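Reading through the structure tokens given below for one structure.
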Amino acid sequence: RTLLVGAATTGIATTFSIRTRPANAAEFTYKFANNQALTHPMNIRAKEAVARIQEESGGRMAINIFPSSQLGADTDMLNQVRSGGVEMFSLSPIILSTLVPNASLNGVGFAFPSYDQVWPAMDGELGKYVRGEIEKKGLLTLEKIWDNGFRQITSSRGPVETPKDLEGFKIRVPVSPLWTSMFTAFGSAPASINFAETYTALQTGIVDGQENPLAILTTAKLFEVQKYVSMTNHMWDGFWILLNRRSWQALPEDLRQIVARHFNAAAELQRKDVMALNASVQAELEGKGMKFNKPDGALFQEKLRSANFYKDWKGKYGEEAWAILEKAIGKTL
Ligand code: X2X
């Protein structure tokens, strides 16, 4: 009898259990790992998609969700989805750039003015270009990117009002050269820390701040360890649903289509949820004691320009990729 790990029937596994294969077990069982809390729209919508996939496949396809970095932090999981340790893993394109350098294009500081440019770009030419780059590295990704959101800076020390306030600021950033480079350009002291360790890093004062979309401040309870929120909107970030290539190719075509269709449909719903949450959650966070301010983004962009941030990154991405980005955002950086 085969040993399976996880709870195949619920779609959500919160603890590990080892048990023998029941008579009605699925033909294919995937693990979907991600770094978000169960309450984040990513997991709410993924859970629905998983239930529909199970139903439409007549029980042949089971996907167990492992939220909150339960199976490991993002940089470990990127290795696991490459090796087949997990079959599905959602990852920020900016962190993915540690493997696929040009995947981080969407995260260039202050490139995207609003969601009006984001979705046509990510569902259009820019997304297609990046998916091609991902495939060149041996991974696959589903077509629709999920939303993380526009990122805002939080601090336990005081509000960030001008670029001066970022000088010497000890800030946690996800593991990615683009993030480190951006906050180095601001004169900050960025520390690369996986999301799995971010709450603790803030709680113990290893860093004074971090940056994330508002939705995450509530779902990951970062409001407990941060006081000030500065609405910088400094980059847009999402989550590609990465797939281990061998596992995906092992699925019969009909199951591949069922999985892709339900996850892509869930992405559309999740985008609406995150946008709504990011737009509405400020009042809740203020109720928990957080103080908001809205700095002038142009000052920050000017600082990046004078530090040659755009010039350097254009050189790294290359003319072709940079042109795709500038076309998507409708302006030159
Ligand atoms: O690590 C983060 O800050 C997060 C949750 O936003 C990402 O996955 C990039």
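Can you find a residue that is within 15 Å of the ligand (Cβ to nearest atom), hydrophobic (A, V, I, L, M, F, W, C) and open to solvent by 20 Å² or more (accessible area, probe 1.4 Å) anywhere in region 39-62? The answer is no, given that none of the residues of region 39-62 is within 15 Å of the ligand (Cβ to nearest atom), hydrophobic (A, V, I, L, M, F, W, C) and open to solvent by 20 Å² or more (accessible area, probe 1.4 Å). How many residues are in contact with a strand residue (DSSP E or B) (Cβ under 9 Å, 6 or more places away or on another chain), under 20 Å from Y228 (Cβ atoms) and open to solvent by 70 Å² or more (accessible area, probe 1.4 Å) when one looks only at region 256-290? The number of residues fulfilling the criteria is 1. Being within 12 Å of the ligand (Cβ to nearest atom), modelled with pLDDT of 95 or more and in contact with a helix residue (DSSP H, G or I) (Cβ under 7 Å, 6 or more places away or on another chain) is true for just one of L71, L105, L96. Which residue is that? Step by step, each of L71, L105, L96 is checked, and only L96 is within 12 Å of the ligand (Cβ to nearest atom), modelled with pLDDT of 95 or more and in contact with a helix residue (DSSP H, G or I) (Cβ under 7 Å, 6 or more places away or on another chain). For region 29-38, a tally of residues being open to solvent by less than 50 Å² (accessible area, probe 1.4 Å) and within 21 Å of R246 (Cβ to Cβ) returns 5.
Of A185, A215, A201, A189, all but one fail to be open to solvent by 30 Å² or more (accessible area, probe 1.4 Å), on the phi < 0 side of the Ramachandran plot and touching a residue at least 12 places away in the same chain (Cβ under 8 Å); the exception is A189.
If you go through region 191-241 and pick out every residue that is over 20 Å from N148 (Cα atoms) and small (G, A, S), you end up with 3. Taking (1) within 16 Å of the ligand (Cβ to nearest atom); (2) open to solvent by 20 Å² or more (accessible area, probe 1.4 Å); (3) not polar (S, T, N, Q) in turn, R245 satisfies each apart from (1).
Going by the conditions given, is L139 in contact (Cβ under 8 Å) with a residue 24 or more places away in the chain and open to solvent by 60 Å² or more (accessible area, probe 1.4 Å)? Judged against the criteria, L139 is not a match.
Right, L251: open to solvent by less than 10 Å² (accessible area, probe 1.4 Å), in contact (Cβ under 8 Å) with a residue 60 or more places away in the chain and within 13 Å of the ligand (Cβ to nearest atom) or not? Steps first, please.
On the way: open to solvent by less than 10 Å² (accessible area, probe 1.4 Å): yes; in contact (Cβ under 8 Å) with a residue 60 or more places away in the chain: yes; within 13 Å of the ligand (Cβ to nearest atom): no.
Taking the combined requirement at face value, the residue does not satisfy it.
For region 119-132, which residues satisfy the criterion of being touching a Lys or Arg at 6+ places or on another chain (Cβ under 9 Å) and either part of a helix (DSSP H, G or I) or crowded, with 19+ Cβ neighbours inside 10 Å (or both)? If the condition is that a residue be touching a Lys or Arg at 6+ places or on another chain (Cβ under 9 Å) and either part of a helix (DSSP H, G or I) or crowded, with 19+ Cβ neighbours inside 10 Å (or both), then W119, A121, M122, E125, L126, G127 are the ones that fit.
Count of region 157-197 residues, restricted to those that are part of a helix (DSSP H, G or I), closer than 25 Å to P67 by Cα and in contact with a strand residue (DSSP E or B) (Cβ under 7 Å, 6 or more places away or on another chain), is 1. You will find that of T184, T180, T154, T198, the residue that is away from the ligand (no atom under 15 Å from the Cβ) and within 25 Å of A111 (Cβ to Cβ) is T184 and no other. One residue stands out among those in region 79-90 that are surrounded by fewer than 23 Cβ atoms within 10 Å (Cβ to Cβ) and assigned to a helix (DSSP H, G or I): the one that is farthest from the ligand (Cβ to nearest atom), which is S83. Only one entry of A73, A121 meets the criterion of being in contact (Cβ under 8 Å) with a residue 24 or more places away in the chain and under 13 Å from the mean Cα position of the chain (by Cα), and that entry is A73.
The values are calculated or read from the model by the stated rules, or taken from the named source; none is laboratory data. The model shown is predicted, which means the values in this text are computed figures rather than measured ones. Cβ atoms come from the backbone with ideal geometry, glycine included; neighbour counts cover every protein chain shown. Quick note on the areas: whole protein, heavy atoms, side chains included, nothing else; ligands and nucleic acids left out. Shrake-Rupley method; radii C 1.70, N 1.55, O 1.52, S 1.80 Å.
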